[in-house]
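J.: The structure's right below; bear with me while I get my questions together.
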Amino acid sequence: MSNEQLLSAITSSIVEGEPDTTVDLTQQAIEAGLEPLTIINEGLAPGMNVVGEKFQTGEYFLPHLTVAASAMKQAMALLEPELQSRQQAVENAGILVIGSVAGDIHEIGKSLVGTMMSASGFEVHDLGVDVSTETFVTKVKETGANLLGLSALLTTTMTVQREVIEALEEAGIRDQVKVILGGAPVSQDWADSIGADGYAEDAIGAIALSKRLVL
Ligand code: B1M
């Protein structure tokens, strides 16, 4: 199989909901020398997008989303060590607290950003998904983080990003931490409108933005 065929087969395995095949093909792609980010961006993520579209049009249902997510998560477990070994870490890059906001249980993109930031030298505290606003504030205080990453994949949970920023202001620590946002429905305009320090479209963008903000 050529590299293009391999990536396309990875995409299909996500769409068809065949996690074992996704894992096998991901392993093959690693062995073929494909870059982990290429496997993610040109193999796995396009499959997730198709699954999302099919869900939106009523062709797929929640269990399809769950199986696709499981397939991607298992593939990510293989890719994470590869990602870690490739990034060039900057010493004392900063401390990042990251999580998906309250009401949001989408975790794959947020975890990818956390992994890549860690591989770039940031001390990362990944609080997981459905993280309450209070927990974000407490963790920023406790760790002395200079970066807070808020992920939201739903139009209904984007507004929680604003609540977290307001809570940081109320706690008197807004000046100590740069707030970065991400997630499919989020945009630079949204980030500007709620007083965040920045928005990144993907994990590479999040690293560049973070370095710009705190280094
Ligand atoms: Co959900 N879901 N989902 N889902 N799901 C979406 C997001 C949706 C777009 C699908 C669709 O309809 N087309 C839609 C949202 C519509 C909207 O509001 N705009 C949707 C919906 C509606 C729902 C439910 C409401 C469905 C229901 O119950 N009726 C429900 C809500 C659950 C909740 O959170 N309360 C739901 C549930 C789920 C599952 C749990 C089944 C599952 C997630 C499982 C898991 O994560 N363990 C799931 C999945 C898998 C998806 C899709 C198909 C794929 C998401 C994904 O993992 N993508 C998604 C469709 C889509 O995104 N195309 C969809 C791969 C990942 C690498 O990309 O997460 O975008 P992504 O992350 C990217 C960037 O966004 C960015 O960098 C990442 C890497 O490039 N990024 C950041 C993300 N966070 C960042 C933070 C940063 C910077 C960048 O800095 C801090």
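The values are calculated or read from the model by the stated rules, or taken from the named source; none is laboratory data. None of the values given here were measured: they were computed from a predicted structure. So basically every Cβ, Gly included, is an ideal-geometry build from the backbone, and we count neighbours across all protein chains shown. What goes into the accessible areas is simple: the full protein's heavy atoms, side chains included, and nothing from ligands, DNA or RNA. Shrake-Rupley method; radii C 1.70, N 1.55, O 1.52, S 1.80 Å.
J.: Protein chains only, probe 1.4 Å: how do Glu166, Glu201 rank by accessible area, largest first? Let's see the in-between values first.
T.: Values: Glu166 85, Glu201 155 Å².
From most exposed to least exposed: Glu201, Glu166.
J.: Have a look at Ser118, Ile165, Ile180 and report the one farthest towards the positive end of the charge dipole of the stretch 106-208, computed about the Cα centre with Cβ charges (Lys/Arg +1, Asp/Glu -1).
T.: Projecting each Cα onto the dipole axis, the largest value belongs to Ser118.
J.: Something else: Under 20 Å Cα-Cα from Lys211, which lysines qualify once same-chain neighbours fewer than 8 residues away are excluded?
T.: Within the straight-line limit of under 20 Å, Lys211 reaches these lysines: Lys110, Lys178.
J.: Average projected area of the Cα convex hull of the chain, in nm²?
T.: Convex hull of Cα atoms, orientation-averaged projection: 11.6 nm².
J.: In whole Å, largest first, what are the principal axis extents of the Cα atoms in the stretch 1-127?
T.: 46, 39, 18
J.: In what sequence, largest accessible area first, do Ile40, Ile108, Ile204 appear using a 1.4 Å probe? Intermediate results must be reported in sequence, preceding the final value.
T.: On the way: Ile40 5, Ile108 30, Ile204 80 Å².
Most to least solvent-accessible, the answer reads Ile204, Ile108, Ile40.
J.: Right, another one. Along the charge dipole of the chain, which of Ser13, Ile39, Ser2 sits closest to the positive end, that is, farthest toward it, with unit charges on the beta carbon of Lys, Arg, Asp and Glu (+1, +1, -1, -1)?
T.: Ile39
J.: Quick check on the chain: helices-only [θ] at 222 nm, where DSSP H runs of length 4 and up contribute -39,500 (n - 2.57) each and the sum goes over total residues. Nearest 500, please. Can you show the working numbers first?
T.: Values: 10 runs with 125 residues, N = 215.
Helix contribution divided over all residues of the chain: -18000 deg cm²/dmol.
J.: In whole percent, how big is the carbon plus sulfur part of the accessible area of the chain, probe 1.4 Å, protein atoms only?
T.: On the chain, the fraction of accessible area on carbon and sulfur atoms equals 49 percent.
J.: A further question follows. With every protein chain kept in place and ligands, DNA and RNA left out, what is the accessible area per residue of the chain? Probe 1.4 Å, answer in Å².
T.: Result: 48 Å² per residue.
J.: If you count only protein heavy atoms and use a 1.4 Å probe, how large is the accessible surface of Asp175, to the nearest 10 Å²?
T.: 150 Å²
J.: Still on this structure: Counting Lys and Arg as +1 and Asp and Glu as -1, each charge on the Cβ, what is the dipole of the chain about the Cα centre in debye, to the nearest 20?
T.: I would put it at about 360 debye.
J.: Hey, can you rank 50-57, 155-162, 70-77, 92-99 by average C-beta count inside 10 Å, highest first? Don't jump to the answer; show the numbers that get you there.
T.: On the way: 50-57: 14.2, 155-162: 17.8, 70-77: 19.2, 92-99: 22.0.
Taking the mean over residues of other Cβ atoms within 10 Å, the ranking is 92-99, 70-77, 155-162, 50-57.
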